[in-house]
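Read-outs: derived from the displayed coordinates by stated rules, not from any lab. Everything numeric here is computed off the predicted structure, so don't read it as measured data. FYI the Cβ positions are ideal-geometry reconstructions off the backbone, even for glycines, and counts take in every protein chain you see.
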């Protein structure tokens, strides 16, 4: 089928391709890329008859062949340069010798077509040790783990252990010493992490602190993803070498299932019968693995290993199992704080656009607003603006005009939210809103027209107040149309706004443009959705800009 060529610190490397090859950051893939820019499931390379086809799986940063982004599938040709994130691979079909040598890769792990679904986690250098500049991680020659049953030396159930009363602890020197060590390590952890809010930096600091108390050569903290899989989030090597760290999926699965910490005194010997190749590859002689248990939920796992025989003692396992609950609490509290902070920001952002009820549905996840455009088969769009505003602004100071607009917008937006509409934007003295996205209700058109009628009443009250101050009254025109449109986030990557676009929006704006002061104009499409709730006045058909056929319109009697 061919092969892929890449460059590691060991020089030119090749991977023989099978009939199907999954490529991505997740260890489930046939070819795992240790590249943080690569998606978990980035692309697949598979055989179709005599052709070798690469298919992108909707990766965030894309797959590029010879500089051109792949949209869907592409047949590979001899010498094609494949770029995924910072990783460059060259396809060789064997028809002729390739002298090309791509730039060094962050790291590639070939698990082979016959490898288990989850063989091992290979941790790229995401969070470097203090004072160490991140550098690319070289790829190991081979990583393969047999997931059959394995021997475990010592096991300790993970649970939140309370401290003993002093009169009891004083009689048990061992318990007293353990309680002291738990307090000491917990205090060191708190002192080390301080008020760190970045979760990856927090995990890196936790490993730094733990290395002071445990004779470990390597450490990894893995957290559960939303799909339940464990993924590495921080790692540390005492020697500072830029070499991947492999951890056993069998041990991790056991730790999570049993909710218990485990200790292996001689991993190479314990796992030899079951073919523990990763243990030999990494010279793992001793390992402690404990679950990170918060309340009743396992949120991840802590892995510490050493090249020395019997480097860890049972007391180390008992201590780390107890400390693991403290670590889990720190992680959970940080994640919770970040979640609350995100919800506050989300609530603040959506509360400016959506009615409080709809905003809460979005924040709670009951209503989804997706990035990109979504076709909405029917929605009602509202446009309004003030008549004579330009002339008024020429005769009034800028400060007073801003004050007037703020007062006017406050009243109008409050009415829009009362009828659960979505505020789109302010345009000078104009307002655009819509009903039917993101929340859909059977009476969206009725709500929109009722909002328009009530806004006219609110404006009347505002004018009474203005006239009492000797200010001229305001006049507003409103245009409403119902039809299909596209809703979604529009803008640049740094500034996205939820909006709607389409002909329905344009017609609503055109109707607003021809409406007289204090007049509500609606299209026939909107009128057909009102179930006779309003008194409508048929008006002469309107010829709108950009439309060949006249549009049947109605006025709404208040």
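Summary of values
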item	result
Distance (nanometres) between label positions extended 7 Å along Cα→Cβ at residue 96 and residue 399	7.9
Calculated FRET value between residue 19 and residue 183, using beta carbons and R₀ = 60 Å, to 0.05	0.55
Separation in nanometres of the label points that stand 7 Å from Cα toward Cβ, at residue 238 and residue 539	8.3
Cα gyration tensor shape for the stretch 63-103, rounded if a/c is under 1.5, else prolate or oblate	oblate
Residues of the stretch 495-515 with amide N under 18 Å of the 7 Å Cα→Cβ point at residue 374	496-502
Shape of the stretch 3-92, Cα gyration tensor, a/c cut at 1.5	rounded
Relative contact order %, the stretch 3-92, counting alpha carbon pairs below 8 Å whose residues are six or more apart	24
Distance in nm between pseudo-label sites at residue 552 and residue 69 (7 Å out along the Cβ direction from Cα)	4.5
Exposure proxy order (Cβ contacts within 10 Å, fewest to most) of 368, 429, 443	368, 443, 429
The stretch 207-232 versus the stretch 69-93: alpha-carbon centroid distance in Å	34
Neighbour-count ranking [beta-carbon atoms within 10 angstrom, fewest first] of 312, 434, 211, 417	211, 417, 312, 434
Exposure proxy order (Cβ contacts within 10 Å, fewest to most) of 264, 543	543, 264
Global geometry of the stretch 356-556, whether rounded, prolate or oblate, following the gyration tensor of its Cα atoms and the 1.5 cut on a/c	oblate
